[in-house]
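The values are calculated or read from the model by the stated rules, or taken from the named source; none is laboratory data. All of these numbers come straight from a predicted model, not from anything done at the bench. Because the Cβ atoms are built from the backbone with ideal geometry, glycine has one as well, and the counts that use them run over all protein chains shown.
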Amino acid sequence: MPVNPSQAHDTLITAEGARLLHYLRSLPSYRQLLMFLVWKDLKVQVAHTVLGFGWLVLRPLLNALVLTLVFGRLARLPSEGHPYLLFLLSGFLPWSYFSGIAGKSANSLIGNSALVTKVYFPRLLLPASLAIAGLLELAVTLVFFFLLAALAYGHLPDANLIWLPLPLLVLLMVTLGTSFWLAALAARFRDVRQASGYVIQLLMFLTPVIWPLSLLTERLHLSLEPALVQLLAGLHPLVGVVEGFRRVLLGGNMPWELLGLSLLTATLLFLSGVLYFQRSERRLADGL
Amino acid sequence: MLEVHAVSKHYPLGVARAQSEETLLSQVFKGSARALTQLLSRRAKAEPSIHRALDNVSLTVNEGEVVSVIGHNGSGKSTLLKILSRITAPTSGEVRVRGRIASLLEVGTGFHPDLSGRDNVFLNAAILGMRRDEILRRFDDIVSFAGVESFIDTPVKSYSSGMKVRLGFAVAAHLDPDVLMIDEVLSVGDAAFQQRCLSRIEEFGSTGRTILYVSHHLPSVARLSRRSILLDRGRIACDGPTLATIRHYEETIGVFRARTDWPEVGSAPGDDTTRLRSVEVTSRGQPITGPVDLRDPIEIHLVYEVYQSGLAILPSVHLHDLTGTPVVSSIDNHPEWHGRPRPAGVYRSSAVFPGNLFNEGSFQVGVAVSTLSPFQNHAYVHSALGFSFYDPIAGDSTRGQYAGELKGYFRPALDWSTSRTAA
C-alpha cells in the first residue's frame, strides 16, 4: 500500500489488530490518500451545481439570515452591542463547521461501506478528510464575514485577529474527536446516526451561538460567581470555541481561562476519539 | 511471501441481522438481561452459537508463487481474503506478509458517479495504494488499457457498465505490489476483456510476484495457477497441484443426485397452476449410479401436475457447471403440446441429450415449469440433479487417440474432413 521505500513492508495481522502506536505510526504514509479523499470531498460538493463554490457561502448565510430574523428581530436577544447578524455569524460560522462535519462523519463509514468492505486503509481517514475539506468552507465563510462586516457595518477586525489559530485549534480538536466517536458508534449502532442529528441541533441552543454568554450570569440571576459559571461552561468545549471566535472576530477581551479549559476538554475528547475509533476499526467491516 | 498460521474467523449466528438491527438501547437491555439471568442462575456463561467461517486455516505461499483458492459459496474463500487484505480481523491466529500488498476484491472500488473518469482513476489508484507520481506516470497507459480515451473527462455515471469495469481493472492492472490478492474480478466484463485480464494476471505472475487468486471460475484457475487450495466449510480440504485439487472438488463437493422427489404436494416447488412431483436423470432408460460414460445418451425426466386446464405449459431443463455458469438450456418444443392448451393432470416430460455431446466434468441440472403466454415461471429448482461425465478413453470417444486435456463443456461428434490440396 502507500509506500515509504526506506521502510520494510512487513505486515502482521492478528486478532488484536494493530497496536495503537504501530497504527499511529502508519498514518503518515497515508497522507497522499488523505489528500485525495479531501480533494474528492470538495469536488463532489461542487459537481453539477450551478453555483459551485458559491454554495459554501450561501448556505451558512441563508441560515444566519433566518436565525437573525427569528432571534434578533422577533425575540430581540441581546448581542453585546454588535449588530445581531455579525454577532450571530461570529459564533455561527465555527458552529456550522462543527455541526456540518460531525453530522457527515456519523455517516462516513456507513456511507462508504463499499470502500470499507473492499479495501484496507486506516478508516480514520474518512472522518478526518471531511474535517479537512470543511476547513476550506470555513475559510471562505470567514473571508466573507470580514467583507460583510467592513462593507455593510464599517467594522474592521482588531489585533485580536492574531489569536485566530487558538480557537481554530480547539474547534478542530472538538470536531475531530466528536467525529471519530460518532463515526465508530454509528457503524455499530445505527440509531446513533439518527439521533446525532437531533442532539447536534439541540446542542446549538446549549452553546452561546444565538445568545451571548453574559446572558447566563445576567438574566438567570444565578447566585454563582461569574468566574465559576465560566468555568462550568468551559467543560463544554464549544463554549470556548464560540467565545474565542467571537472575540477574535468582533474584538473585546480574549477569554483565556475559558479557552484554556476548552483546550483541555477538547484534547481529552480528541484522544479518546482516536482511541475508541482505532479499537473498533478492526471489526468495523463485519457490521457494515 | 505470505504465511497464514492457524487463522480462524467466527461470526455469531445471524450476525447480519443482529448487526444491522442492533441498537444502543437493545444493547443496554440485552446487557442487563444477561447480567440478571447470570445472577439468578449462577451458571457458567453459555457458549453462544457461532458460525465458523474459517476454522484453523494454515498455509504458506512462497515468493513468486501463484496460488488459487477454490470452494463453494460459503466455504470461507472471501473471508480468508478479507482477513489477508486487512478488511476484517481474524478471531484467532496470525498472518505475516512480506512486501507491499495490494488486494482487489472488486474492480472500481470507490468510483464516484459524479466525478469524471480522470478523477476516478486518481481516486481509485490512491485507494488501492498507488502514489501520486506513480499514477501520473501510468495515467496514459491506464486510460488506453481501458479504451476509454474519449470519455475520460465525462462523469462515470454516464459510462456503460462495461466501461466502468474496464477502467476499474485498468487501474488495478497497473498496480505494482509484491503480493497481489484477487477475488472473483473476472466474473464481470465480456469474454474478450476477461481474456485480457487473465493475460495481465499471468504476466504479473511471471515477473516473480506472489498472487493469491480466489475464484469460482475453474478454467481460469487452471490456467493461472499450478497450485490450488480447496476450502470446504472453513477448512482446507485439499492443497496441491491445481488439476488434482479441481478433481477433488468435483468429486467430493459436486453433489451427485440422480433423482429428486417431492412427495408432499404442499411443499413441492410450484404454485396454484402447476407443481413439480419429481425429476430424474437416466441413461438408456436405466437409473444412473455414478459418473456417466460420455459416449452414452442421457435422459432428464420431469414429472409435474397441472392444476388449471387450458394453459400452454412449457417445461425446460437448464444445465450449469459447479460454479453456476450456464451450460445449456432446453425447452420442450415438441409439437404435440408446445403452445397448446392442455387439460389438468399429471404429466411426464423427458429430454434426451445424445451421447458424445458433453465433455468430461460435473454438471448440475436446473428444471422449470412455466406457462408460455404470458410467459411466467411457476416452478423452478436451480439444482435438482447433479452428475458427471467421464471418458473411459477406450479409443472410440471423440478424443480419438489424444489423451491430453480438452477444454470446454461440449465435445460433440463433428464431421471432420481433410483433403490434400497440394503436394
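Just name the residue that is modelled with the lowest pLDDT out of those in segment B:272-305 that are assigned to a strand (DSSP E or B) and of a type in the set (A, V, I, L, M).
If we filter segment B:272-305 for residues that are assigned to a strand (DSSP E or B), which is where we start, we get B:274-283, B:286-287, B:292-293, B:298-305.
Then drop every residue that is not of a type in the set (A, V, I, L, M), which leaves B:276, B:279, B:281, B:292, B:298, B:300, B:302-303.
On the way: B:Leu276: 94, B:Val279: 95, B:Val281: 95, B:Val292: 86, B:Ile298: 96, B:Ile300: 97, B:Leu302: 96, B:Val303: 96.
Filtering segment B:272-305 for residues that are assigned to a strand (DSSP E or B) and of a type in the set (A, V, I, L, M), the one modelled with the lowest pLDDT comes out as B:Val292.
Among all residue pairs at least 6 apart or on different chains, which show Cβ distances below 6 Å where the first residue, located in segment B:391-408, is under 10 Å from B:Asn359 (Cβ atoms) and among the acidic types (Asp, Glu) and the second is surrounded by 10 or more Cβ atoms within 10 Å (Cβ to Cβ) and modelled with pLDDT of 80 or more?
B:Asp391/B:Leu294; B:Asp391/B:Glu360; B:Asp391/B:Ser397
Out of B:Leu314, B:Leu319, B:Leu385, which single residue is part of a strand (DSSP E or B) and in contact with a Pro (Cβ under 9 Å, 6 or more places away or on another chain)?
After applying the criteria, what remains is B:Leu319.
Out of all the residues in segment A:24-35, is one or more surrounded by fewer than 14 Cβ atoms within 10 Å (Cβ to Cβ), more than 11 Å from every other protein chain (Cβ to nearest Cβ) and without any contact (Cβ under 8 Å) to a residue 40 or more places away in the chain?
yes
Can you name every residue in segment B:331-362 that is assigned to a strand (DSSP E or B) and of a type in the set (S, T, N, Q)?
Hits for segment B:331-362 are B:Ser349, B:Ser350, B:Ser362.
Right, B:Arg52: modelled with pLDDT under 90, more than 30 Å from the chain's Cα centre (by Cα) and more than 10 Å from chain A (Cβ to nearest Cβ) or not?
Considered against the rule, which asks whether it is modelled with pLDDT under 90, more than 30 Å from the chain's Cα centre (by Cα) and more than 10 Å from chain A (Cβ to nearest Cβ), B:Arg52 comes out as no.
If I filter segment A:36-57 for residues that are touching a Gly at 6+ places or on another chain (Cβ under 7 Å) and either surrounded by fewer than 18 Cβ atoms within 10 Å (Cβ to Cβ) or within 13 Å of another protein chain (Cβ to nearest Cβ) (or both), do I get at least one hit?
yes
In this structure, does B:Ser116 turn out to be more than 7 Å from chain A (Cβ to nearest Cβ), under 25 Å from the mean Cα position of the chain (by Cα) and of a type in the set (Gly, Ala, Ser)?
On the way: more than 7 Å from chain A (Cβ to nearest Cβ): yes; under 25 Å from the mean Cα position of the chain (by Cα): no; of a type in the set (Gly, Ala, Ser): yes.
No: the conditions fail for B:Ser116.
Residues that are touching an Asp or Glu at 6+ places or on another chain (Cβ under 7 Å) and either modelled with pLDDT under 85 or not small (Gly, Ala, Ser) (or both): list the helices (runs of 4 or more DSSP H) wholly contained in segment A:18-109 that include at least 1 such residues.
Hits in segment A:18-109: A:31-46, A:54-67, A:84-106.
Which is touching a Leu at 6+ places or on another chain (Cβ under 9 Å), within 14 Å of another protein chain (Cβ to nearest Cβ), surrounded by fewer than 18 Cβ atoms within 10 Å (Cβ to Cβ) and modelled with pLDDT of 85 or more, of B:Thr79, B:Thr91, B:Thr60? Explain how you work it out, then say what you get.
On the way: B:Thr79 fails: surrounded by fewer than 18 Cβ atoms within 10 Å (Cβ to Cβ); B:Thr60 fails: within 14 Å of another protein chain (Cβ to nearest Cβ).
Of the residues listed, the single one that is touching a Leu at 6+ places or on another chain (Cβ under 9 Å), within 14 Å of another protein chain (Cβ to nearest Cβ), surrounded by fewer than 18 Cβ atoms within 10 Å (Cβ to Cβ) and modelled with pLDDT of 85 or more is B:Thr91.
Please find, within segment B:127-155, the residue that is modelled with the lowest pLDDT out of those that are surrounded by fewer than 17 Cβ atoms within 10 Å (Cβ to Cβ) and among the small types (Gly, Ala, Ser).
Only one residue tops the list, namely B:Gly147.
Quick one: is A:Leu125 at pLDDT 90 or above and away from every other protein chain (no Cβ under 11 Å)?
For A:Leu125, the condition - at pLDDT 90 or above and away from every other protein chain (no Cβ under 11 Å) - is not met.
Restricting to segment B:386-411, and then to whatever is in contact with a Leu (Cβ under 9 Å, 6 or more places away or on another chain) and of a type in the set (A, V, I, L, M, F, W, C), can you tell me which residue is nearest to B:Val292 (Cα to Cα)?
B:Phe389
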